[in-house]
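**Student:** Sharing a structure below in structure tokens format, with a few things to ask.
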Amino acid sequence: MLQASLEFLKREFFKYYYENISRLVPPEPIRSREFGFFLEKGRGMFRHKCFNSLKDFHEFILNAIPLDIYVSAANYEDPGNRDMSEKKLVNAELFFDIDAESVAAVSEEESAWICQKCGQYGIGLIDRCSSCNSPTELVRLVSEKQLKEALRETEKLIHVLTEDFGIAPENIHVFYSGNRGYHVHVNQEDFLNITGEGRREIVDYLLIQGLDEKELLNFLKKGANIEGVSFKGVKRRVYMRILEKAGSMEKLKASGRETVLKTLVNAVEELKVRIDPVVTIDMHRLMRMPESINSSSGMVKRRIRLEDLPSFKPLEEAIAFGDEEACLKVKIVPRFSLGGKTFGPFKDEEVELPAYAAVYIVCKGLGEYAGR
Amino acid sequence: MMGENVLRAARYPFLPEAREFISRNIDLSLESLEKTGSEAALKRAVERVKNSLIFKEVKVTALDELNYVREMLSFPIAIILVSMIMNEYVRRMYALGESRGAYRRMLNESVETLLYIGEKMGVGGVLEDENTIRVKIPTYLRLAYSFHAPHWKLVNRAVNNGYVTMGKTEYARLIQVEVNNYVYEKTLEPVPPGAVPDIFRKAADEIVELWNRLETGKASRIPLKEREDTPPCIGRIIRRMENGENASHFERLVVATFMIARNRNIEEIIEFFSKQPDYKYSVTKYQVEHLAGIRGGGKKYSVPSCRTILTNGLCYPDEYCKGVKHPLRYGEKNVAGEPRIS
Ligand code: SF4
Ligand SMILES: [Zn+2]
């Protein structure tokens with residue numbers, strides 16, 4: 001990234017933070033959280049930082065204009081200590097990450113390839129250069145469709161959290177991550193103290209891992225009436241789905257063991273919630289700060305009210321910048337949608353774009369700033 | 001506290017009411033203990049610890065219960081003795097003995113009494129119907145995670161609206177874990193050396209002597225050494241297997257999952273198992289790959305927790321195990337690595 005581009009970003013980021021600083025409210029209590037920042041491109045994280053008050057935190061941000069801002073899911077006795085065990089973990093919010101890319105595939109149109117060897121590039125997912133056949137570097141822009149799928153997973157997650165885990169809706173905080181997925185923070189008192197091992201169990205529950213198949217097969221063999229059994233939770237959901245898929249208990253009983261197992265696998269595939277297991281188990285994780293800018297896209301990690309979830313439009317509602325035009329030099333940009341408009345594809349040209357789209361391209365490393 | 005309740009407190013001396021009874025009726029300062037003729041209680045305390053070392057279970061007879069003052073008093077004294085001995089093995093065995101004894105007694109209790117004990121021990125349960133008890137998910141996860149059988153996994157439980165349902169026996173198992181935790185933590189509290197009367201020291205010596213005679217204690221009597229990366233429980237199994245001793249299914253599981261967790265390669269692990277009398281390359285390979293998650297749905301098996309290893313009679317802790325809950329945490333160095341962000 002050229003210096004001019006970086007300065008362009010910093011200017012735009014400053015405008016955003018200057019206007020919206022009051023929206024940046026870290027989870028309480030602020031004193032027990034660790035903060036981390038990326039201050040310059042390509043440099044390591046500035047972390048183990050802590051603040052005594054919201055005011056200090058806001059001052060720091062307006063001074064430094066970080067590229068990315070993170071806050072710990074955990075509360076620590078000594079959050080500023082550089083030694084992880086000396087930090088003394090008290091408890092941690094439950095944190096879930098749903099990544100659009102692991103939920104649905106990217107499309108050809110929203111991807112580009114670049115050959116580092118001979119400099120060729122083009123639109124599409126091509127892993128070998130068309131002129132010199134060396135491996136290419138791929139650029140994937142997240143699509144609306146992918147984000148829709150991820151949103152559906154998020155709704156599934158919230159359903160399980162409220163129905164099975166009894167978590168009160170007001171303790172569930174949902175965010176668009178600003179780039180490729182969704183984050184869900186749960187800060188219900190009695191769930192904060194669940195250890196890493198316990199979180200592992202929650203993960204297995206959501207991903208439906210370790211399900212006792214023998215019990216299930218026995219149950220199906222007996223042909224018991226599901227209403228008469230005290231199954232609850234995910235097991236019940238799996239059983240019901242298997243019956244739905246088979247049509248009826250009679251049909252299911254008539255089919256062989258192989259078919260039943262296949263139906264089971266399919267039911268599990270449909271019902272599991274595709275969270276990233278590593279994130280949830282790790283209590284020391286730093287989460288992107290709500291309402292802060294995600295420097296890999298220039299969009300905001302936006303809070304979504306539960307009732308707005310079904311209709312949420314990430315690529316419109318997470319825009320951080322205005323639409324005054326900026327000029328960019330681009331090599332290759334696949335088609336992309338942002339702020340309700342569709343742009344591109346662009347190849348070897350200078351383009352005028354509204355600031356939010358220009359920031360997006362620069363953040364993705366697909367173009368350089370060339371003045372207003 | 002009258003009749004039934006006194007007996008209950010004697011049967012479960014870790015309940016707060018036993019503590020209250022003692023502090024209301026007996027002067028528990030260490031100096032006065034010597035004078036107030038609590039010798040009987042001290043004797044019983046020694047028995048509690050010995051029971052734990054020999055039978056892995058503290059036995060309480062009907063007669064013991066009738067002697068309720070002695071019985072209640074013997075519990076805090078036993079804890080003092082164990083913490084005086086300052087040995088991790090004795091600590092863990094004593095906690096196990098108390099909790100196992102309590103579990104066995106709880107199985108004969110009415111569901112009301114069980115719920116009462118659970119409530120007092122921080123394992124609150126709600127009666128759903130005659131045979132079903134509901135426990136909050138966080139409570140359940142805190143206590144049940146270390147059980148290895150698949151039916152304890154959350155994914156296989158009836159989970160609804162924040163609760164996990166279970167039968168009486170399973171509920172008693174959860175309480176047992178909490179009793180174990182409670183007793184263990186108590187024995188970690190140091191006893192000020194000056195405050196201990198001579199008869200206590202003698203009683204402690206008596207326990208040490210017994211434990212020296214028990215074969216099982218040997219591994220941990222080795223004085224403090226350099227801490228190694230392999231915890232003593234696993235080191236012991238490995239040494240025995242290297243000598244060609246036939247290891248149990250569970251021992252093999254522990255060793256294999258541990259080696260996998262420490263990133264030893266599969267062939268190396270199979271090679272290690274080749275000294276087993278019933279070794280077959282293909283079978284071992286299949287099993288190890290299964291545990292490593294290379295086969296069978298990709299689920300990688302975790303190393304059993306200290307609690308599970310302990311209940312299988314394989315925990316031989318040294319002083320570096322103090323407070324350790326999982327063998328992989330043994331010898332862990334805590335440096336801040338790369339930040340993990342999302
Ligand atoms: S690591 Fe755990 S199980 Fe192993 S010896 Fe130490 S305390 Fe016992
Ligand atoms: Zn090329």
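The values are calculated or read from the model by the stated rules, or taken from the named source; none is laboratory data. Keep in mind that what you see is a predicted model, and the values were worked out from it rather than measured. Don't worry about glycine lacking a Cβ; one is built from the backbone with ideal geometry, like all the others, and counts go over all protein chains shown.
**Student:** Quick check on A:Ile208: is it of a type in the set (Val, Ile, Thr) and either more than 16 Å from ligand 2 (Cβ to nearest atom) or closer than 25 Å to B:Trp152 by Cβ (or both)?
**Tutor:** Judged against the criteria, A:Ile208 is a match.
**Student:** Filter segment A:87-123 down to residues that are within 16 Å of ligand 2 (Cβ to nearest atom) and surrounded by fewer than 16 Cβ atoms within 10 Å (Cβ to Cβ) and give me whichever is nearest to A:Pro277 (Cα to Cα).
**Tutor:** If we take residues in segment A:87-123 being within 16 Å of ligand 2 (Cβ to nearest atom) and surrounded by fewer than 16 Cβ atoms within 10 Å (Cβ to Cβ), then A:Gln116 is nearest to A:Pro277 (Cα to Cα).
**Student:** Only one of (1) surrounded by 20 or more Cβ atoms within 10 Å (Cβ to Cβ); (2) more than 11 Å from chain B (Cβ to nearest Cβ); (3) of a type in the set (S, T, N, Q) is not met by A:Thr280, so which one is it?
**Tutor:** (2)
**Student:** Next question. Taking the condition more than 13 Å from chain A (Cβ to nearest Cβ) and buried (at least 16 other Cβ atoms within 10 Å of the Cβ), does B:Glu109 pass?
**Tutor:** In short, yes.
**Student:** Search segment B:322-333 for residues that are more than 12 Å from B:Arg262 (Cα to Cα) and modelled with pLDDT of 85 or more and pair each with any residue that is near ligand 1 (Cβ under 7 Å from one of its atoms) and outside any loop (DSSP other than H, G, I, E, B) when their beta-carbon atoms are under 7 Å apart and the residues are at least 6 apart or on different chains.
**Tutor:** Close Cβ pairs satisfying both conditions: B:His326/B:Cys306.
**Student:** Tell me the residue from B:Thr230, B:Thr165 that is modelled with pLDDT under 90 and either part of a strand (DSSP E or B) or surrounded by 12 or more Cβ atoms within 10 Å (Cβ to Cβ) (or both), please.
**Tutor:** B:Thr230
**Student:** Also, quick follow-up: In this structure, is A:Phe8 aromatic (Phe, Trp, Tyr), more than 14 Å from chain B (Cβ to nearest Cβ) and farther than 22 Å from A:Ala320 by Cβ?
**Tutor:** no
**Student:** I want to confirm something. Restricting to segment B:303-321 and keeping residues that are more than 12 Å from the chain's Cα centre (by Cα), in contact (Cβ under 8 Å) with a residue 60 or more places away in the chain and more than 6 Å from ligand 1 (Cβ to nearest atom), which single residue is farthest from the other protein chains (Cβ to nearest Cβ)?
**Tutor:** Result: B:Asp318.
Yes or no, residue by residue, for (1) within 9 Å of another protein chain (Cβ to nearest Cβ); (2) hydrophobic (A, V, I, L, M, F, W, C); (3) over 30 Å from A:Ser295 (Cβ atoms); (4) buried (at least 19 other Cβ atoms within 10 Å of the Cβ):
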{"position": "A:Lys156", "(1), (2), (3), (4)": "no, no, no, no"}
{"position": "A:Ile167", "(1), (2), (3), (4)": "yes, yes, yes, yes"}
{"position": "A:Asn179", "(1), (2), (3), (4)": "no, no, no, yes"}
{"position": "A:His185", "(1), (2), (3), (4)": "no, no, no, no"}
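**Student:** Of all residues being more than 8 Å from chain A (Cβ to nearest Cβ) and assigned to a loop (DSSP other than H, G, I, E, B) in segment B:136-162, which is farthest from the chain's Cα centre (by Cα)? Just the residue, please.
**Tutor:** Of everything passing the filter in segment B:136-162, B:Ala149 is farthest from the chain's Cα centre (by Cα).
**Student:** Which numbered condition in (1) touching a residue at least 12 places away in the same chain (Cβ under 8 Å); (2) crowded, with 22+ Cβ neighbours inside 10 Å is the only one that A:Val351 fails?
**Tutor:** The single condition A:Val351 does not satisfy is (2).
**Student:** Check segment A:199-218 and report whether any residue there is crowded, with 19+ Cβ neighbours inside 10 Å, among the basic types (Lys, Arg), within 14 Å of chain B (Cβ to nearest Cβ) and part of a helix (DSSP H, G or I).
**Tutor:** Yes - at least one qualifying residue is present in segment A:199-218.
**Student:** Quick check: is even one residue across segment B:64-86 touching a helix residue (DSSP H, G or I) at 6+ places or on another chain (Cβ under 7 Å), surrounded by 19 or more Cβ atoms within 10 Å (Cβ to Cβ) and outside any helix (DSSP H, G or I)?
**Tutor:** No, that holds for no residue.
**Student:** Does A:Asp78 qualify as being over 30 Å from A:Val234 (Cβ atoms), charged (D, E, K, R) and out of contact with any strand residue (DSSP E or B) (no Cβ under 8 Å at 6 or more places or on another chain)?
**Tutor:** Yes.
**Student:** OK, next. Among the residues of segment A:335-350, is there at least one that is more than 17 Å from A:Ala112 (Cα to Cα) and out of contact with any helix residue (DSSP H, G or I) (no Cβ under 8 Å at 6 or more places or on another chain)?
**Tutor:** Taking every residue of segment A:335-350 in turn, at least one turns out to be more than 17 Å from A:Ala112 (Cα to Cα) and out of contact with any helix residue (DSSP H, G or I) (no Cβ under 8 Å at 6 or more places or on another chain).
**Student:** Hey, can you tell me all the residues within segment A:299-311 that are in a loop (DSSP other than H, G, I, E, B) and either modelled with pLDDT under 95 or surrounded by fewer than 16 Cβ atoms within 10 Å (Cβ to Cβ) (or both)?
**Tutor:** Once the filter is applied, which keeps residues that are in a loop (DSSP other than H, G, I, E, B) and either modelled with pLDDT under 95 or surrounded by fewer than 16 Cβ atoms within 10 Å (Cβ to Cβ) (or both), segment A:299-311 yields only A:Arg305.
**Student:** List, please: which pairs have Cβ atoms under 7 Å, are six or more places apart or on different chains, and start with a residue in segment A:160-183 that is without any contact (Cβ under 8 Å) to a residue 24 or more places away in the chain and end with one that is assigned to a helix (DSSP H, G or I)?
**Tutor:** From residues that are without any contact (Cβ under 8 Å) to a residue 24 or more places away in the chain, the pairs are A:Thr162/A:Pro169.
**Student:** Does B:Ala247 satisfy the condition of being of a type in the set (A, V, I, L, M), more than 16 Å from ligand 1 (Cβ to nearest atom) and not assigned by TED's automatic domain parsing to the domain that holds B:Ile85?
**Tutor:** So B:Ala247 fails the test.
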